[in-house]
Amino acid sequence: HSVRCGQSTKIRCSNVCGNTLNCGKHSCTQVCHAGKCSPCQLTVQQVCYCGSNFKEVLCGSKEEFSDGFGSFSCQNICGKKLNCGRHNCKQVCHPQPCQLCPRLPQVVYRCPCGQTPLSKLLELGCLERKICTDPIPSCGKTCGKPLSCGSYEFIHTCESLCHEGDCRPCSHTSNIYCRCGFKKKVSTSWGLFLFLIAAITFMCDKRCNKKRSCGRHKCNEVCCVDTEHKCSLVCGRKLNCGLHRCEEPCHRGSCQTCWQTSFDELTCYCGESVIYPPVPCGTQPPECKKTCTRPHDCDHPVYHSCHSEEKCPPCTYLTQKWCMGKHEVSSGQLMSRFTLLNVGDCSPYVSCCLSFQSCVMEHSLCCHKLNRMFCFFRIAAISIATKLTDLQLGDSVEISRLITKKEMKQARLQCDEECLALQRNRRLAEALEIDNNSDPFNIRSSGPKYSDVLKEDARKDLKFVSDIEKEMRMLVEAVNKGKHTKKSHCYPPMNRDHRRIIHELAQVYGIESVSYDNEPKRNVVITAVKGKSICPSNTLTSVLDKEMQSRPPPPIPHYKQTDKSSGNFGLSKPLKEEPVIDYFDVQD
């Protein structure tokens with residue numbers, strides 16, 4: 001073809017290429033082409049070095065290499081006759097000529113165990129070997145060849161006398177440890193290969209207690225040998241947006257920022273302030289300076305700005321409020337705001353209650369009960385504490401709705417025999433014109449007074465009460481006799497009922513008691529003070545013993561006929577007592 005100088009167009013003809021291929025035996029059969037020819041695709045049959053196996057490979061490949069005996073190794077025993085003509089080759093299929101017979105007299109110079117030269121044995125009278133089939137003289141010593149069993153630390157050797165051929169099986173045992181090294185087992189000695197397999201596959205049933213890489217979960221793998229203990233669980237914790245969860249493998253530290261993005265505009269409630277997309281997930285609505293346009297419960301003027309919270313802040317408009325007893329009007333109170341004076345101090349409510357005679361009569365309040373227990377308004381304050389979340393948001397709370405009639409009935413302070421006795425003594429003292437501060441009837445020093453609730457709780461666990469009182473008496477005696485002004489004792493964690501018993505007994509003994517820590521490890525610490533703490537003359541356990549001795553026998557139960565016509569009789573079921581709500585467990 002005639003072409004211009006410098007033309008880059010490749011010129012092809014329609015003839016067969018015919019160039020020699022990479023094998024050097026065949027030629028290319030493709031049509032005229034540019035570049036190198038493709039490798040030869042013809043297959044040839046090859047034989048192994050020992051001549052027992054055949055395979056087909058591509059012509060010209062590296063596997064076609066031949067040394068005159070064969071082209072590849074079949075990895076079987078060669079088996080060819082050695083030069084002696086009596087023994088076969090025991091090597092793996094190999095390309096070289098087979099080695100000399102290992103039993104030829106000119107090759108063997110020592111006994112089978114290798115400890116004694118044959119020349120020395122000939123001097124001792126052994127027969128000289130002529131051909132390879134003649135036996136090799138034995139030296140008579142212990143073989144001592146290392147066996148294939150045992151371990152890296154203890155090598156087992158053949159204990160037979162010097163002999164030809166393979167050694168006998170080992171008679172020793174081997175210790176095989178699991179892969180974590182916690183457990184071992186004793187077994188008969190095997191070959192080294194089988195020993196390694198047994199050592200790898202033998203596992204104990206101990207589960208790993210180490211922390212994983214995340215620091216949250218335990219490894220819990222059986223017979224663990226890991227060093228890093230990577231956690232394969234998904235993290236699953238909430239991301240900073242609060243909507244999606246982390247999908248990364250469980251990890252330490254904080255999760256990455258949520259990668260999701262919104263392409264919608266984010267506005268405030270009134271729509272005046274706008275954040276344009278893209279908006280990262282978890283972005284708070286923009287701040288707005290406009291006045292709040294949400295519907296409100298009251299019709300007072302609104303002074304707060306637009307906000308993203310669903311609940312508006314409390315109204316700050318000033319109003320007038322009545323006191324608890326409807327006696328005085330307090331002006332300047334914030335709307336929707338309930339203000340408690342001091343929950344721990346009941347005196348403001350007591351004075352208000354005493355001036356409101358109907359409230360005093362309704363709750364059966366007397367001076368004795370008023371000094372020893374909490375008034376109705378203390379109970380209301382405790383109930384309001386359960387609504388503390390709503391109060392913090394500025395909601396208005398009505399006391400009459402917080403305490404039901406059932407709770408008011410349980411909270412009423414009923415006068416008992418002690419109150420009646422005090423009232424009789426008070427009237428008698430007024431008639432005889434005796435000062436109230438004096439104690440002519442020895443009422444105040446008549447001994448400790450244990451409440452009925454404390455007695456009822458003590459009867460359920462007399463041993464516990466006895467141990468508590470014994471500890472309190474020892475503590476009071478120790479502080480009164482010692483040099484220190486205070487001495488404390490810490491009780492172990494216990495349930496709420498036992499802590500209440502300790503608090504009530506501490507009041508009788510004049511001991512300070514405080515509860516610490518959270519459930520279930522909440523405990524009580526008592527402190528005796530010199531000059532203040534006393535040991536009562538009658539302990540609670542002794543009082544209960546006297547009451548048990550003087551208590552009359554229980555009445556015989558009466559049977560009630562339920563169905564006269566059918567003749568079926570049965571006992572009427574006792575009414576279940578309503579559960580008592582404990583509003584006075586303030587110490588605990």
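The values are calculated or read from the model by the stated rules, or taken from the named source; none is laboratory data. The shown structure was predicted, so the numbers you read here are calculated from the model rather than taken from an experiment. Cβ coordinates were reconstructed from backbone atoms using ideal geometry, including for glycine residues, and neighbour counts include every protein chain displayed. Heads up: the accessible areas ignore ligands, DNA and RNA and are worked out on the full protein's heavy atoms, side chains in. Shrake-Rupley method; radii C 1.70, N 1.55, O 1.52, S 1.80 Å.
Return the total of residues in the stretch 218-231 being open to solvent by less than 100 Å² (accessible area, probe 1.4 Å) and either in contact with a Phe, Trp or Tyr (Cβ under 6 Å, 6 or more places away or on another chain) or part of a loop (DSSP other than H, G, I, E, B) (or both). Of the residues in that region, 9 qualify.
What about residue 6, is it free of Cβ contacts under 8 Å to residues at least 40 places away in the same chain, more than 30 Å from residue 95 (Cα to Cα), touching a Ser or Thr at 6+ places or on another chain (Cβ under 6 Å) and in a loop (DSSP other than H, G, I, E, B)? Lay out the reasoning, then the answer.
Numbers: free of Cβ contacts under 8 Å to residues at least 40 places away in the same chain: yes; more than 30 Å from residue 95 (Cα to Cα): yes; touching a Ser or Thr at 6+ places or on another chain (Cβ under 6 Å): no; in a loop (DSSP other than H, G, I, E, B): yes.
So residue 6 fails the test.
The residues in the stretch 40-60 that are in a loop (DSSP other than H, G, I, E, B) and either among the hydrophobic types (A, V, I, L, M, F, W, C) or surrounded by 13 or more Cβ atoms within 10 Å (Cβ to Cβ) (or both) can be counted, and the count is 9. List every residue pair whose Cβ atoms lie under 7 Å apart, where the two residues are 6 or more positions apart in sequence or sit on different chains, the first residue falls within the stretch 511-524 and is open to solvent by less than 20 Å² (accessible area, probe 1.4 Å), and the second residue, located anywhere, is assigned to a loop (DSSP other than H, G, I, E, B) and aromatic (Phe, Trp, Tyr). Close Cβ pairs (under 7 Å, with a partner that is assigned to a loop (DSSP other than H, G, I, E, B) and aromatic (Phe, Trp, Tyr)) amount to 523/491; 524/491. Of note, residue 286 satisfies the criterion of being of a type outside the set (Ser, Thr, Tyr), within 42 Å of the chain's Cα centre (by Cα) and either open to solvent by less than 60 Å² (accessible area, probe 1.4 Å) or more than 22 Å from residue 238 (Cα to Cα) (or both).
Of the residues that sit in the stretch 467-493 and are assigned to a helix (DSSP H, G or I) and not aliphatic (A, V, I, L, M), which one is least open to solvent (accessible area, probe 1.4 Å)? Walk me through how you get there before you give the answer.
Taking the stretch 467-493 first, the residues assigned to a helix (DSSP H, G or I) are 467-481.
If we keep only those that are not aliphatic (A, V, I, L, M) too, we end up with 467, 469-471, 473, 477, 480-481.
Working: 467: 70, 469: 6, 470: 117, 471: 56, 473: 67, 477: 86, 480: 73, 481: 176 Å².
Here the residue is 469.
Taking residue 287 as the residue in question, decide whether it is in contact with a strand residue (DSSP E or B) (Cβ under 7 Å, 6 or more places away or on another chain), among the acidic types (Asp, Glu) and closer than 22 Å to residue 310 by Cα. Explain how you work it out, then say what you get.
On the way: in contact with a strand residue (DSSP E or B) (Cβ under 7 Å, 6 or more places away or on another chain): no; among the acidic types (Asp, Glu): yes; closer than 22 Å to residue 310 by Cα: yes.
Judged against the criteria, residue 287 is not a match.
With respect to (1) under 21 Å from residue 115 (Cα atoms); (2) surrounded by fewer than 17 Cβ atoms within 10 Å (Cβ to Cβ), the lone exception for residue 175 is condition (1). Note on the stretch 256-273: among residues that are over 19 Å from residue 289 (Cα atoms) and not acidic (Asp, Glu), the one that is most open to solvent (accessible area, probe 1.4 Å) is 259. Restricted to the stretch 27-39, and to residues there that are in contact with a Cys (Cβ under 9 Å, 6 or more places away or on another chain) and in a loop (DSSP other than H, G, I, E, B), the residue that is least open to solvent (accessible area, probe 1.4 Å) is 28. A search for C-beta distances below 7 Å between a residue of the stretch 531-542 that is assigned to a helix (DSSP H, G or I) and any residue that is at pLDDT below 85, counting only pairs 6+ apart in sequence or on different chains, returns 540/450. Within the stretch 247-258, the residues that satisfy the criterion of being of a type outside the set (D, E, K, R), in a loop (DSSP other than H, G, I, E, B) and either in contact (Cβ under 8 Å) with a residue 12 or more places away in the chain or closer than 17 Å to residue 285 by Cβ (or both) are 250, 251, 255, 256, 257, 258. Residues considered: 253, 242, 215. Of these, the only one that is more than 27 Å from residue 179 (Cα to Cα) and open to solvent by less than 50 Å² (accessible area, probe 1.4 Å) is 242.
Considering every residue within the stretch 151-160, establish whether at least one is open to solvent by less than 70 Å² (accessible area, probe 1.4 Å), among the acidic types (Asp, Glu) and either within 22 Å of residue 112 (Cβ to Cβ) or modelled with pLDDT under 80 (or both). Checked against the condition, which is being open to solvent by less than 70 Å² (accessible area, probe 1.4 Å), among the acidic types (Asp, Glu) and either within 22 Å of residue 112 (Cβ to Cβ) or modelled with pLDDT under 80 (or both), the stretch 151-160 yields no hits at all.
May I ask you to verify whether residue 24 is surrounded by 13 or more Cβ atoms within 10 Å (Cβ to Cβ), modelled with pLDDT under 85 and small (Gly, Ala, Ser)? Against the criterion (surrounded by 13 or more Cβ atoms within 10 Å (Cβ to Cβ), modelled with pLDDT under 85 and small (Gly, Ala, Ser)), residue 24 does not qualify.
Hydrophobic (A, V, I, L, M, F, W, C), open to solvent by less than 100 Å² (accessible area, probe 1.4 Å) and more than 30 Å from residue 215 (Cα to Cα): is that true of residue 292 in this structure? Even if it seems obvious, please write down each step before you answer.
Values: hydrophobic (A, V, I, L, M, F, W, C): yes; open to solvent by less than 100 Å² (accessible area, probe 1.4 Å): yes; more than 30 Å from residue 215 (Cα to Cα): yes.
Yes, satisfied.
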